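Let me begin by presenting the structure, written as structure tokens, before commenting on it.
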Amino acid sequence: MFPSDANPAGNVFGGEILKQIDIVAGIVAQRHCGTNAVTASIDRVDFLKPVFVGDLLILNARLNCIKNSSMEIEVKVESENLRSGLRTMTGTAMVTSVALDDGGKPTTVPKLLLQTEEEKKKFAEGLARMEQRSKERRREKAR
Ligand SMILES: CC(C)(COP(=O)(O)OP(=O)(O)OC[C@H]1O[C@@H](n2cnc3c(N)ncnc32)[C@H](O)[C@@H]1OP(=O)(O)O)[C@@H](O)C(=O)NCCC(=O)NCCS
């Protein structure tokens, strides 16, 4: 991370990390659906520890779950001190991406092949969160 990514004290801006989260989640989504995909929402963004100028940012993302056109992507952010090699878990986020067809409309994404017990568990947990989000959006709309 560079000085332009941070405040005068050297703490990297949360918005800069959010941008990287958004980019990585978009790559994961588009790799899976093979079409354009946009970020519909980002929730549960937690900045657990500070990231400083000079740190290397490492993002790992996985596709937890799909519904019809939407996908839940979990992103974990680590920072690495390049001198000591020490890695710290600095943040996590849940991103919902929606696959779009060439006309810009939501389109069905390919099914996920769930092979391990962990993948099945992540899928079930993701689906429960997706349904909860839909419920909250419907409640908001009705207000
Ligand atoms: C996301 C977007 C494509 C959804 O379009 P829409 O016409 O509302 O589509 P629908 O209501 O048919 O929903 C399509 C899917 O998106 C999901 N979705 C819609 N809004 C959502 C939200 N705020 N959070 C999570 N999922 C959302 C729906 O649950 C549905 O999922 P499913 O197909 O798996 O069941 C549209 O709101 C959009 O284009 N937003 C801007 C996206 C963007 O440009 N992001 C970058 C930053 S500006």
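We did not get these values from a lab; they are worked out from the coordinates using the rules stated. As the structure is a computational prediction, the values presented were derived from the model and not from experiment. Glycine also receives a Cβ, built like all others from the backbone with ideal geometry; neighbour counts cover every protein chain displayed.
Computed on the Cα trace of segment 51-143, the radius of gyration divided by the Kirkwood hydrodynamic radius gives Rg/Rh = 1.10. Going by neighbour counts of Cβ atoms within 10 Å, the residues 70, 41 line up, fewest first, as 41, 70.
Charges were assigned to the Cβ only: +1 to each Lys and Arg, -1 to each Asp and Glu. The resulting dipole of the chain about its Cα centre is roughly 560 debye.
Model label sites at residue 45 and residue 131, defined 7 Å from Cα along the beta-carbon direction, differ in position by 2.8 nm.
With K and R counted +1 and D and E -1, the other residues having a Cβ less than 15 Å from that of residue 143 yield a net charge of +3. For segment 3-99, the Kirkwood hydrodynamic radius comes to 13.9 Å, computed from all pairs of different C-alpha atoms. Positive-end ranking of 99, 15, 130 along the dipole of segment 3-142, with charges on Cβ about the Cα centre, is headed by 130.
Excluding residue 47 itself, what net charge comes from residues whose Cβ is under 13 Å from its Cβ, given Lys and Arg +1 and Asp and Glu -1? Residues near residue 47 contribute 0 overall. Projecting the Cα positions of 39, 84, 27 onto the charge dipole of segment 3-142 (unit charges on Cβ atoms of Lys, Arg, Asp and Glu, taken about the Cα centre) puts 39 furthest along the positive direction. Among 55, 22, 102, the residue with the largest mean-square fluctuation in a Gaussian network model of the chain, with springs joining Cα atoms closer than 10 Å, is 102. How much FRET efficiency would the formula 1/(1 + (r/R0)^6) give for residue 60 and residue 141, where r is the Cβ-Cβ distance and R0 is 41 Å, rounded to 0.05? The calculated FRET efficiency here is 0.75. If R₀ is 41 angstrom, what is the calculated FRET efficiency for the pair residue 105 and residue 2, using the beta carbon separation as r and rounding to 0.05? My answer for the efficiency is 0.60. Once C-alpha pairs closer than 8 Å and six or more residues apart are averaged by separation and normalised to the residue number of segment 52-143, the relative contact order reads 25 percent. Our coupling estimate for segment 15-32, obtained by passing each phi through the Karplus curve with A = 6.51, B = -1.76, C = 1.60 and θ = phi - 60°, is x, 5, 5, 4, 4, 5, 4, 4, 5, 5, 4, x, 5, 4, 4, 5, 4, 6 Hz, Gly and Pro reported as x. Multiplying the residue separation of residue 83 and residue 114 by 0.36 nm and removing their Cα-Cα distance gives an extension gain of 7.2 nm.
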